[in-house]
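Undergrad: Here it is, the structure, as structure tokens.
The values are calculated or read from the model by the stated rules, or taken from the named source; none is laboratory data. Fair warning: this is a prediction, and the values are worked out from it, not measured in the lab. Ideal geometry is used to build each Cβ from the backbone, glycine not excepted, and the neighbour counts take in all protein chains shown. To get the accessible areas, we keep the full protein, side chains included, count just its heavy atoms, and leave off ligands, DNA and RNA. Shrake-Rupley method; radii C 1.70, N 1.55, O 1.52, S 1.80 Å.
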Amino acid sequence: MNEPVLRLVGQRVRELRKKQGYSQEELGEMAGFHFSYIGGVERAEKNITLLNLQKIADALQVNVHELFVYSKFVKSGTNDKEKLLNEINEKLWPMKYSDLKKVNLLLSEFFDS
């Protein structure tokens, strides 16, 4: 399969798996899949279902939307401003709402003064 969304989600699964120090075997076991299925997802060879995406997200201990936060994989033709905004966005997404409110207040204080 050569669908961009499968490639991007697969890369994101791989990134989150490695970030947490799991092998494909370990992630597969935690999510209830054979390791070869995890490898197929990461290589975009499997058209993964939403239910299976949820199982993988649960095993990675992330919300399912985190599997779609793949701005790191935007093509290299992206301009510098977009790259920087992507980096900032990736740092903000996992934050709690209360912390985001603090960041917003800090930005307002810093730039509106």
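Undergrad: How about LYS101: which aspartates and glutamates have a C-alpha closer than 18 Å to its C-alpha, ignoring those fewer than 8 places off in the same chain?
TA: Once the sequence-local aspartates and glutamates are set aside, what remains near LYS101 is GLU90, GLU109, ASP112.
Undergrad: With the cut-off at 1.5 for a/c, could you classify the stretch 6-50 from its C-alpha gyration tensor as rounded, prolate or oblate? Present the calculation step by step, with values, prior to reporting the outcome.
TA: Values: a/c = 1.91, a/b = 1.19, b/c = 1.60.
It comes out oblate by the Cα gyration axes.
Undergrad: Lys/Arg Cβ at +1, Asp/Glu Cβ at -1, dipole of the chain taken about the Cα centre: which of GLN54, LEU85, SER108 is farthest positive-ward?
TA: LEU85
Undergrad: Taking the highest mean first, how do the peptides 31-40, 15-24, 102-111, 85-94 order by number of other beta carbon atoms within 10 angstrom per residue? Don't skip to the end; give the middle numbers.
TA: Numbers: 31-40: 17.5, 15-24: 14.9, 102-111: 9.9, 85-94: 12.4.
Per-residue mean Cβ counts within 10 Å order the peptides as 31-40, 15-24, 85-94, 102-111.
Undergrad: Would you calculate the separation in nanometres between label points at GLN20 and GLU45, each defined as 7 Å from the Cα along the Cα-to-beta-carbon direction?
TA: A separation of 2.3 nm, rounded to one decimal place.
Undergrad: Enumerate the calculated ³J(HN,Hα) couplings along the stretch 95-100 in order (Karplus 6.51 cos²θ - 1.76 cosθ + 1.60, θ = phi - 60°), each rounded to whole Hz, writing x wherever the residue is Gly or Pro.
TA: With coefficients 6.51, -1.76 and 1.60, one gets 6, 5, 4, 4, 6, 4 Hz.
Undergrad: What is the distance, in nm, between label points placed 7 Å from the Cα along the Cα-to-Cβ direction at PHE35 and at GLN54?
TA: About 2.8 nm, to one decimal.
Undergrad: Starting from the Cα of LEU105, step 7 Å along the direction of its Cβ; do the same at ASN89; then give the gap between the two resulting points in nm.
TA: 2.7
Undergrad: Mind checking which lysines have their C-alpha under 28 Å from LYS55, skipping anything on the same chain fewer than 8 residues away?
TA: Of all the lysines, those that pass the test against LYS55 - Cα under 28 Å, at least 8 places apart if same chain - are LYS18, LYS19, LYS46, LYS72, LYS91, LYS96.
Undergrad: On to the next question. So, for the chain, what is the accessible surface per residue at a probe of 1.4 Å, expressed in square angstrom? Before the final figure, lay out each step's value.
TA: Numbers: 8040 Å² over 113 residues.
Here the per-residue accessible area is 71 Å².
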